[in-house]
Every structure is written in structure tokens, then in C-alpha cells.
Amino acid sequence: AVEAGGSAEASGLVCSGDSVVATSASVGDAMWPHRTLEGVSSAISTRLFTSPSVTLRLVRTMRLGPWAAELVDVAHGKRRGLSPEGRASYRLQRRGAREWLEDRRAAEAVREVCAPAIAKFGRRGRRGGAALDVPPADRADRA
């Protein structure tokens with residue numbers, strides 16, 4: 001994983017916690033998967049012996065708040081909307097993730113979590129957003 005405060009993180013191209021999952025093959029354009037630091041180091045050393053560049057495939061994970069699990073439940077008909085705690089966690093995480101969501105792939109991943117719930121529950125509201133609030137009557141039923 002990329003270390004906090006290291007030169008890779010300082011470049012701005014990767015973030016602390018990103019992990020290398022594949023490197024370019026010794027020869028050619030193929031990518032070889034790796035699970036250990038030793039495997040990645042060995043592959044990079046071998047590639048640099050035969051070529052001036054190495055391609056790395058990284059993976060970035062982001063823990064989603066309780067709102068994500070609630071949206072999955074909405075999509076499966078197990079609940080009608082987000083709880084007050086779910087809405088609060090979504091708002092908090094959304095504020096902190098604006099830069100992260102500028103990455104097209106990250107935004108698509110979040111959309112994959114949200115889309116089934118929005119499709120199931122429908123769209124409405126002042127700003128055209130998903131109506132994910134639980135009506136007060138439904139809240140009392142769940143308590």
C-alpha cells in the first residue's frame with residue numbers, strides 16, 4: 001500500500017492506502033497480477049532491466065458509511081428510505097469526498113451503489129434528487 005507522507009502520495013497521483021495489484025510484464029504490454037510487496041518489487045526490477053518504464057495498476061478503496069447498506073436495503077425493498085443516521089452519515093461523507101468523487105471511476109462506483117435504490121424508490125423532491133427520507137409514520141413502525 002502507498003504510505004502516508006511518502007513521495008508517491010506527495011505526487012498527488014495516488015493516495016495513502018492505494019495498493020498495487022498488477023505490474024507490466026517483463027516483456028510486452030500484458031499486466032501481471034501481484035499480491036505481495038516482494039512480487040511487486042521483483043516485477044518492477046525485472047521490467048526496468050528490459051524497459052525504461054513500468055505500468056502499475058492500483059486499486060483504491062473507500063469505506064462507505066451506513067447509508068450505503070441502507071440504500072442496498074431500499075433497493076431490495078427492505079426499507080423505504082434512509083434513516084436520520086443514514087442521511088447524516090451520507091451528508092458527512094459527501095462533504096469529505098467531493099475531491100474523491102471528481103474521479104470518474106469513483107463516482108461510477110458510488111452510482112452503482114445508489115442507482116438500484118433510486119430506481120426502486122423513485123425520484124422526487126425540490127432539487128430532483130432521490131426521495132430517500134423515511135416518512136414519519138414509517139419511522140414509528142420501525143422503532
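The values are calculated or read from the model by the stated rules, or taken from the named source; none is laboratory data. Keep in mind that this is a model prediction, so the values were computed, not measured. Don't worry about glycine lacking a Cβ; one is built from the backbone with ideal geometry, like all the others, and counts go over all protein chains shown. Side chains are part of the model used for accessible areas, which takes the heavy atoms of the whole protein and leaves out ligands, DNA and RNA. Shrake-Rupley method; radii C 1.70, N 1.55, O 1.52, S 1.80 Å.
Looking for whichever is at pLDDT 75 or above and not assigned by the TED database to the domain that holds Val14 here; the options are Arg94, Arg98, Arg105, Arg111. Which one fits?
Numbers: Arg98 fails: at pLDDT 75 or above; Arg105 fails: at pLDDT 75 or above; Arg111 fails: at pLDDT 75 or above.
Going through Arg94, Arg98, Arg105, Arg111 in turn, just one is at pLDDT 75 or above and not assigned by the TED database to the domain that holds Val14: Arg94.
Would you check which residues across the stretch 1-16 are open to solvent by 40 Å² or more (accessible area, probe 1.4 Å) and out of contact with any Ser or Thr (no Cβ under 7 Å at 6 or more places or on another chain) and list them?
Across the stretch 1-16, the qualifying residues are Gly5, Ser7, Ala8, Ala10, Ser11, Gly12, Leu13, Cys15, Ser16.
Can you pull out the residues in the stretch 25-50 that are in contact with a strand residue (DSSP E or B) (Cβ under 8 Å, 6 or more places away or on another chain) and open to solvent by less than 40 Å² (accessible area, probe 1.4 Å)?
Ala25, His34, Val40, Ala43, Arg47
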